[in-house]
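Let me begin by presenting the structure, written as structure tokens, before commenting on it.
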Amino acid sequence: MSIIISPSLLSCDFANMQRDVEMINKSQADWFHLDVMDGVFVPNISFGFPIIEAVKKHAKKPLDVHIMIQNPDSYINTFKDLGVDILTVHYEACTHLHRTIQAIKQTGMKAGVALNPHTPVSFLNDIISELDLVLIMSVNPGFGGQKFIPNALNKVAELRKIANIKNPKLIIEVDGGVNLETGKELVLAGADALVAGSFVFNSPNPSKTISDLKTL
């Protein structure tokens with residue numbers, strides 16, 4: 001199976017978002033990655049529900065939404081109503097993670113859990129069988145364009161070993177500092193999906209860059 005590429009709209013040209021959405025539609029990308037930040041859980045504010053609604057009107061591929069917010073349970077049904085396909089919450093933001101995952105799955109969305117760089121993958125041992133996706137953050141969440149944290153490779157490899165035993169169908173996604181070099185290392189370590197933002201949208205030919213990532 002080829003690697004899943006999920007371009008991050010956080011790095012697109014907001015003044016030409018529809019153009020960039022159409023580019024992703026026509027490219028070899030698999031998903032649209034949308035980062036929702038509240039300025040509390042992470043030190044930044046990104047876009048909210050109206051932007052997701054607007055993207056959904058034009059997107060022809062699944063919406064892969066990563067929410068970096070406090071109290072994510074309060075908004076699960078809203079994300080479902082907006083047409084989100086995959087909803088990923090942060091381990092660090094969920095007091096009752098199992099309940100949150102069950103609530104996501106009950107809506108019909110796929111459920112993912114994101115781990116900050118300092119959070120061990122072993123913390124997911126008791127819930128990994130319930131998950132559709134785990135998102136390994138290879139930068140500290142909140143801003144695009146950061147430098148890749150090499151220890152993410154070790155975390156992906158460790159998570160792959162656990163998943164092979166407890167949940168072979170688990171999708172391991174990585175977000176942060178992804179380029180052709182780090183992407184190749186991540187795929188070799190066991191990653192299934194790569195989120196790429198600035199590397200795609202700051203390149204001379206974003207569609208070709210996506211195609212190059214697909215061949216890793």
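Values quoted throughout were computed directly from the atomic coordinates according to the rules given, and no laboratory measurement underlies them. From a predicted model like this one, the values you see are computed outputs, not experimental measurements. Note that each Cβ is placed from the backbone with ideal geometry, even for glycine, and that neighbours are counted across all protein chains shown.
Here is how the number arises for the chain: DSSP H runs of 4 or more residues each give -39500 (n - 2.57), the sum is divided by the residue count, and the result at 222 nm is -10000 deg cm²/dmol. If you take the beta carbon distance between THR95 and ASN205 as r and set R0 to 45 Å, what does 1/(1 + (r/R0)^6) give as a FRET efficiency, to the nearest 0.05? With a Förster radius of 45 Å, E is 0.50. Think of segment 4-214 as having a plus end and a minus end, set by charges on the Cβ of Lys, Arg, Asp and Glu; of GLY142, ASN116, ILE52, ILE52 sits farthest toward the positive end of this dipole. What the phi angles of segment 59-70 give under the Karplus curve with 6.51, -1.76 and 1.60, with θ = phi - 60°, is a coupling list of 6, 10, 10, x, 8, 9, 9, 10, 9, 10, 9, 7 Hz, glycine and proline written as x.
Under a 5 Å amide H cut-off, with hydrogens placed 1.01 Å from N, VAL178 pairs with GLY197 among residues at least 5 apart or on other chains. Report the one residue of SER198, SER129, ASN179 whose Cα lies farthest in the direction of the positive end of the charge dipole of segment 122-216 (charges on C-beta: Lys and Arg +1, Asp and Glu -1; origin at the Cα centre). The one lying farthest along the dipole's positive direction is ASN179. Pairs spanning more than 18 Å between alpha-carbon atoms, out of LYS57/LYS105; LYS61/LYS110; LYS26/LYS56; LYS147/LYS184; LYS26/LYS80; LYS26/LYS61: LYS57/LYS105; LYS26/LYS80. Packing-based ranking of 93-99, 178-184, 103-109 yields 178-184, 103-109, 93-99, ordered from highest to lowest mean Cβ neighbour count within 10 Å. In segment 4-214, the DSSP beta bridges split such that about 5 percent are antiparallel, to the nearest 5. A Stokes-Einstein calculation at 25 °C with viscosity 0.890 mPa s, built on the Kirkwood radius of the chain over Cα pairs, returns a diffusion coefficient of 144 µm²/s.
Using per-residue counts of other Cβ atoms within 10 Å, averaged over each peptide, order 40-52, 155-167, 57-69 from highest down.
Output ranking for 40-52, 155-167, 57-69: 57-69, 155-167, 40-52.
Each Lys and Arg contributes +1 and each Asp and Glu -1, all at the Cβ; summed about the Cα centre of the chain, the dipole is approximately 400 debye.
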